[in-house]
Amino acid sequence: MKAIVITEPGGPEVLQLQEVEDPQIKDDEVLIKVEATALNHADIYQRQGSYLPPKGASPYPGLECSGTIISVGKNVSRWKVGDEVCALLSGGGYAEKVAAPAGQVILAPAGVALKDAAAFPEVACTVWSTVFMTSRLSAGETFLVHGGSSGIGTFAIQIAKYYGVKVFVTAGVDVILDSIGASYFKRNIDSLNLDGRLFLLGFMEGSVVEVDLKSLFAKRGTVQAAGLRSRSPENKAVIVSNVEKNVWPAITAGNVRPVIDKYFPLSEAAEAHRLMESSKHIGKIVLLA
């Protein structure tokens, strides 16, 4: 098969389409013929050499995909050859085929083109696990998301509104989702309501910050941080199951839609990375295999 290989750590030019060996599936995995994969900032960090794949994961970038199952492991009962699905991955989405644990696979949502379904797994699992499962955002509360034009942001706003949450872009909220980091930290604390929850997804503008803890005590605030890629397959399967139960109905009903800025062929992964790094996109950037 063909896959995008990171030939050495560096800029977008190090992404090269090469012929590689097909992935071999384990007993609890399925093999997917990839229709599309979507970009995430983790792909950029991996390309730069600062975010290596978990042990045993594919060396190729790509944390989500959509496609058709072409083979199933002997312990897999739910899925069969021919199923159109999307999947949460630890890597390998920038390829024509990818192996995925059966528990991290979801049936592609009805009413959404298969190429567009690739825009959902990473953002849906990230937002649902952090904002709803961990920070317990609920109807009637208020929600502030930084980077509202990003893939995470556009999805988070839609699903929060679907669940009756008031979404804001300024102060005084119950839950904040932040991928910016240090430069926003103090303002985030100042913006929390009493018993507010701040969830940190990344640190695009720094990871070191000095803060007066008295302000956090005064708000009875909670600060949490977590990634998705490094979680265990068992934990990811729980998240995926929750997403299928709570998020997929909103998508199939048309209340949450994929927001896609641009499609690129797999061979133009470098150009796709340049667009993401420019921050001139709104929503997701998709590679078509």
**Q.** Where a residue in segment 73-92 is charged (D, E, K, R) and its partner, wherever it lies, is open to solvent by 10 Å² or more (accessible area, probe 1.4 Å) and assigned to a loop (DSSP other than H, G, I, E, B), with Cβ under 7 Å and at least six apart
**A.** Lys74/Asp27; Glu84/Ala108
Q) Considering only segment 148-175, how many residues are surrounded by fewer than 19 Cβ atoms within 10 Å (Cβ to Cβ) and over 17 Å from Asn246 (Cα atoms)? A) 9
Q. Got a sec? Which strands (runs of 3 or more DSSP E) wholly within segment 1-86 have at least 2 residues that are touching a Phe, Trp or Tyr at 6+ places or on another chain (Cβ under 7 Å) and within 24 Å of Lys284 (Cβ to Cβ)?
A. 2-6, 29-38
**Q.** Residues satisfying the stated conditions in segment 90-108, i.e. outside any helix (DSSP H, G or I), within 24 Å of Glu234 (Cβ to Cβ), open to solvent by less than 40 Å² (accessible area, probe 1.4 Å) and not small (Gly, Ala, Ser)
**A.** Val98, Pro101, Val105, Ile106
(Q) Among the residues that make up segment 181-195, is at least one of them within 16 Å of the chain's Cα centre (by Cα) and under 30 Å from Val5 (Cα atoms)? (A) no
(Q) Whether any residue in segment 14-30 is within 20 Å of Glu268 (Cβ to Cβ) and of a type in the set (Lys, Arg) is what I want to check. (A) no
(Q) When the residues of segment 238-287 are narrowed to those that are among the basic types (Lys, Arg) and in contact with a strand residue (DSSP E or B) (Cβ under 8 Å, 6 or more places away or on another chain), which ends up most open to solvent (accessible area, probe 1.4 Å)? (A) Lys262
Q) Condition test on Ala36, is it in contact with a Lys or Arg (Cβ under 9 Å, 6 or more places away or on another chain), within 15 Å of Ile4 (Cα to Cα) and of a type outside the set (Ser, Thr, Tyr)? A) yes
Q.
Being open to solvent by 10 Å² or more (accessible area, probe 1.4 Å) and either free of Cβ contacts under 8 Å to residues at least 60 places away in the same chain or on the phi > 0 side of the Ramachandran plot (or both) narrows it down to one residue among Ser58, Ser66; which is it?
A. Ser58
Q: State all residues of segment 198-235 that are open to solvent by 70 Å² or more (accessible area, probe 1.4 Å), in a loop (DSSP other than H, G, I, E, B) and among the basic types (Lys, Arg); if no residue qualifies, say none.
A: Arg220
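The values are calculated or read from the model by the stated rules, or taken from the named source; none is laboratory data. None of these values were measured; they are calculated from a predicted model. Because the Cβ atoms are built from the backbone with ideal geometry, glycine has one as well, and the counts that use them run over all protein chains shown. These area figures cover heavy atoms from the full protein model, side chains too; ligands, DNA and RNA do not enter into them. Shrake-Rupley method; radii C 1.70, N 1.55, O 1.52, S 1.80 Å.
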